[in-house]
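I have placed the structure first, in the form of structure tokens, so that the comments after it can refer back to it.
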Amino acid sequence: MEVTPQCVVALTWTLKDTLGEELDVLSEPVEFLVGGSDLLARIEEALQGHEAGDRLDLHLEPEVAFGDYDDQLVFLEPRELFPKELEEGLTFEGLPPGGNPDAPKDVLYTVTEIYPEHVVLDGNHPLAGIALRLSLKVEGVREATEEEIGRGTTGSGFFRVQPQAPGGTSLH
């Protein structure tokens, strides 16, 4: 079966920056809905017509990946607004009550620095502003279920950063 819109594709990949530094490796296949919200548009376009066993090497500039870095999404907030056990890398959906009222509410913010009086929060995707090289392999292709199509996802988004307990973030 070839990759078409509204199908599910199982992928493995190695993601590097343009200097060759490895950013992420997915060695076990993960399923993504093509035509939903799981993959970047440029990746979906490149996958069209491919089938299990095919390999692709893609170069993704920031504007077709995770956007340019926006320094307007970096906020310095009072330390007392955050839990005592705060760690760098922890993520928050929106700023806490009492935070900057001008900050976008629907953004996932990552704690990047902690000072005695302030916390630096960054609302950019961790890969914003970075040109990427993605080597991927199509491990399998199947028809999407009605439920997957209705949800617009298989449940595993491409490099979504999910809120985590202290200890870090997940790129997939």
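Coordinate-derived values only; no laboratory data. Bear in mind the structure is a predicted one, so any value in this text is a computation, not a measurement. As a convention, Cβ positions derive from the backbone with ideal geometry for all residues, glycine included, and neighbour counts pool all protein chains shown.
Using the Kirkwood radius over Cα pairs, work out the Stokes-Einstein diffusion coefficient for segment 71-122 at 37 °C and 0.692 mPa s, in µm²/s as a whole number.
On the way: Rh = 10.9 Å.
Translational diffusion coefficient: 302 µm²/s.
Quick note on the chain: its Rg to Rh ratio, both from C-alpha atoms and Rh being the Kirkwood radius, is 1.03.
Taking amide H positions as modeled 1.01 Å from N, with prolines and chain starts lacking one, the residues under 5 Å from L39 and 5 or more places away or on another chain are F158.
Orientation-averaged projection of segment 1-101 equals 9.4 nm² [convex hull of Cα atoms, one quarter of hull surface area]. Rounded to the nearest 20 debye, the dipole size of the chain about its Cα centre is 180 debye, using +1 on the Cβ of Lys and Arg and -1 on the Cβ of Asp and Glu.
With bins 5 Å wide beginning at 0, the percent of Cα pairs of segment 19-64 falling in each bin runs 4, 14, 25, 30, 20, 6, 0. In the chain, helices alone account for a calculated mean residue ellipticity at 222 nm of -2000 deg cm²/dmol, with every DSSP H run of four or more residues adding -39,500 (n - 2.57).
Assign unit charges at the C-beta atoms only (+1 for Lys and Arg, -1 for Asp and Glu), then state the dipole size of segment 71-122 relative to its Cα centre in Debye, rounded to the nearest 20. Let's see the in-between values first.
Values: 3 positive and 12 negative charges, 30 e Å.
Magnitude of the dipole: close to 140 debye.
Amide H contacts for D24 (H built 1.01 Å from N in the peptide plane; partners 5 or more residues away or on another chain; cut-off under 5 Å): L15.
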